[in-house]
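Okay, so here's the structure we're looking at.
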Amino acid sequence: MNTAPISVDIIIAGGGMVGSMLAAALGQLGADGGANAPSVCLVDAQVPPSFDPGSNPTYDLRVSALNHASQNMLKNVGAWSHILSRRSCPFVSMCVWNEAQDAKTLFNAADIGEQQMGHIVENRVIQLALHDQIKQAGNVVIACPDSLQDLRIDSNQVVATLGSGKEITARLIVGADGANSLVRKQANIPITRDTYDQHALVANVQLAGLDARAGVRTTASAHGNMTWQRFVPSGAQALLPLADDRASIVWYHSADEVARLVELADAEFIQELSDTFPTELGKVESVAQRGSFPLAKAHAEQYVKHRVALVGDAAHTVHPLAGQGVNLGMLDAAVLFDVLVNCMEKQQDYADIRHLRKYQRARRGENSLMINILDGFYRAFNTQPEPIAALRDSSMQLVDNQKMIKQAVMRYATGSGGSLPKLALP
Ligand SMILES: Cc1cc2nc3c(=O)[nH]c(=O)nc-3n(C[C@H](O)[C@H](O)[C@H](O)COP(=O)(O)OP(=O)(O)OC[C@H]3O[C@@H](n4cnc5c(N)ncnc54)[C@H](O)[C@@H]3O)c2cc1C
């Protein structure tokens, strides 16, 4: 199909959680009556499945642990209420331990004077909430379902060709198109990638209610709004609490074992959980969905080129054991937003590589640090020989015993510490 090119200021390729966050933030500029708000086209290949709270919608397999910084961003762009009106579950504590260790390391929101450490939210709920907000903005159009097929980057503009045949020109393209980013490939940005020899099995389970488990919990839900992770030699086993006594469990194991577990009949899978997971899981009544994900760490060598910026998984992927992936991506979006607004206020060309580099400088080092920290955790917990195992266990004890260290770790993990971009502040 040949149609006349459409012209906008910014194309965001990828309307997942991170691309939608940036679009919603830019949409606020239009909503605030800004006559100079940039025109934005958000392109995504997949329509997120609808969610009608009145119809007891099925659970999304993919969920995210949103930290305080991400929650603040969602509040600041007006999307948080759209999440609360759908479905979410606060978690008030987090417990981490190693099978061979006697003591557990417990983090409580109260330790840092907070009521919760974050919320577990289904990915599609986050995406839909942001899309609700974007639809109210006069300066953002959503092209969905449609996909970026080709990209030409000239010195004064980019030209994107979509699957529908539309051609869109813009001053800037933001690649928020995930780990296999086409924007990154078309911009010839190299990436270093290492796969882990572990896969993650994710399952959504229904836990037995409190009555069936009398005396086990002191709180009003089967999981006590606690997220936990136990490390065993084959990998970690984790639980993220969901509403209605449900939970998302993550089971890290070899690719072969994960493939076997995914194929089991529900009753057999529940039996495996009961035999293998710690008693903290409680009784699993049913399992709704199961899926598996290969795991890798990856980092783009550059986040920006002239007229191009990468955010979220398009720029980096981390091991999911600390649930940080989308939180890092949200911070990318917030920092890039700051850089763009700053340039707009000074009437500078925000797509100029000299300005975009400010975003890269602010984020690439931070993300690199997190990739390495998570890689270090992965290696430490998959290492049995002394002295690394001894060092790991004594470090966990130190964190548990020393209040100040514990508070510092918690502030970092919950996104309440360090210097945050404006959009991520309360
Ligand atoms: C097992 C597992 C558990 C995880 N748990 C957590 C957690 O608890 N907390 C956390 O913070 N992170 C978690 N993560 C990581 C998190 O899911 C990712 O970091 C996050 O999804 C990245 O978001 P994104 O928007 O950058 O990319 P994506 O979610 O990959 O979104 C990319 C979007 O781009 C679209 N797209 C792709 N190509 C095109 C194209 N050519 N044209 C148009 N659209 C396109 C796709 O349709 C998609 O909507 C987990 C990851 C795994 C594997």
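Worth a mention:
- Enumeration of residues in region 88-107 that are assigned to a loop (DSSP other than H, G, I, E, B) and surrounded by fewer than 20 Cβ atoms within 10 Å (Cβ to Cβ): Val92, Glu99, Ala100, Gln101, Asp102, Ala103, Lys104
- Of the criteria (1) under 22 Å from the mean Cα position of the chain (by Cα); (2) in the same structural domain as Ala315 (by TED's automatic domain parsing); (3) surrounded by fewer than 23 Cβ atoms within 10 Å (Cβ to Cβ), which one Ile126 fails: (3)
- Condition check for Val308: away from the ligand (no atom under 13 Å from the Cβ), in contact (Cβ under 8 Å) with a residue 60 or more places away in the chain, closer than 30 Å to Arg230 by Cβ and β-branched (Val, Ile, Thr): no
- Residue match in region 111-125 (condition: more than 15 Å from the ligand (Cβ to nearest atom), closer than 27 Å to Leu29 by Cβ and outside any strand (DSSP E or B)): no
- Scanning region 257-286 for residues that are within 26 Å of the chain's Cα centre (by Cα) and among the acidic types (Asp, Glu) turns up Glu257, Glu280.
- When Ser64 is tested against the conditions (1) outside any loop (DSSP other than H, G, I, E, B); (2) out of contact with any helix residue (DSSP H, G or I) (no Cβ under 7 Å at 6 or more places or on another chain); (3) of a type in the set (S, T, N, Q), the lone failure is (2).
- Selection status of Ala309, modelled with pLDDT of 95 or more, assigned to a strand (DSSP E or B) and assigned by TED's automatic domain parsing to the domain that holds Leu22: yes
- Which numbered condition Trp228 misses (of (1) within 21 Å of Phe91 (Cβ to Cβ); (2) out of contact with any Asp or Glu (no Cβ under 7 Å at 6 or more places or on another chain); (3) crowded, with 22+ Cβ neighbours inside 10 Å): (2)
- Residue list for region 61-77, filter: of a type outside the set (S, T, N, Q) and farther than 20 Å from Trp228 by Cα: Ala69, Met73, Leu74, Lys75, Val77
- Residue count for region 297-306, restricted to those that are in contact with an Asp or Glu (Cβ under 9 Å, 6 or more places away or on another chain) and crowded, with 22+ Cβ neighbours inside 10 Å: 1.
The values are calculated or read from the model by the stated rules, or taken from the named source; none is laboratory data. Because the structure is predicted, anything quoted here is derived from the model rather than measured. Don't worry about glycine lacking a Cβ; one is built from the backbone with ideal geometry, like all the others, and counts go over all protein chains shown.
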